[in-house]
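The values are calculated or read from the model by the stated rules, or taken from the named source; none is laboratory data. All values reported here derive from a predicted model rather than from experimental measurement. Neighbour counts are summed over all protein chains in view; Cβ atoms, including those assigned to glycine, are modelled from backbone coordinates with ideal geometry. For accessibility, only protein heavy atoms count, side chains too; no ligands or nucleic acids. Shrake-Rupley method; radii C 1.70, N 1.55, O 1.52, S 1.80 Å.
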Amino acid sequence: MKNLSILLSLLIVLSAVLCGCGGGSQSSTADKTPLTIDRDKSYNYNTREIWCDNNGKKIYGVAYIPETEQKVPLVITCHGLGTNHESGVGYAKHYAEKGIATYCFDFCGGTKSGDPNKSDGKSTDMSVMTEVSDLEAV
């Protein structure tokens, strides 16, 4: 299961790199300049709890934000079955130190096991489609 989580995280990063990290809003040509990452630089970062809404259900997450005034790319991590947002913390810290903002969130319903899920919902109401909806809302 851990390998599946790692694979999913890598696919998300690859998708963000190939598709860009922008949303659906229109932007000027200046905003389309590719972002570059200085691999030798190390950033301090801050964390911030951020709640999102998905059709009245609250989604909990933590953002890891590099301390810089420049625009940075964003990676959104998704947890695997039986885990929560904390499964992506190691990746988030590493990315933030390299200048990449990261958001780790709990799917609505999340998990019934040890680590608590802070998002709304019950695990028995979860499906692949509700997870897709949660990710789109985030």
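The fraction of accessible area contributed by carbon and sulfur in the range 53-96 is 53 percent, rounded to a whole number (1.4 Å probe; ligands and nucleic acids excluded). Extending 7 Å from the Cα toward the beta-carbon at both D40 and E69 defines two label points whose distance is 2.4 nm.
Using bins of 10 Å that start at zero, the share of Cα-Cα pairs per bin across the range 49-138 amounts to 19, 48, 26, 7, 0, in whole %.
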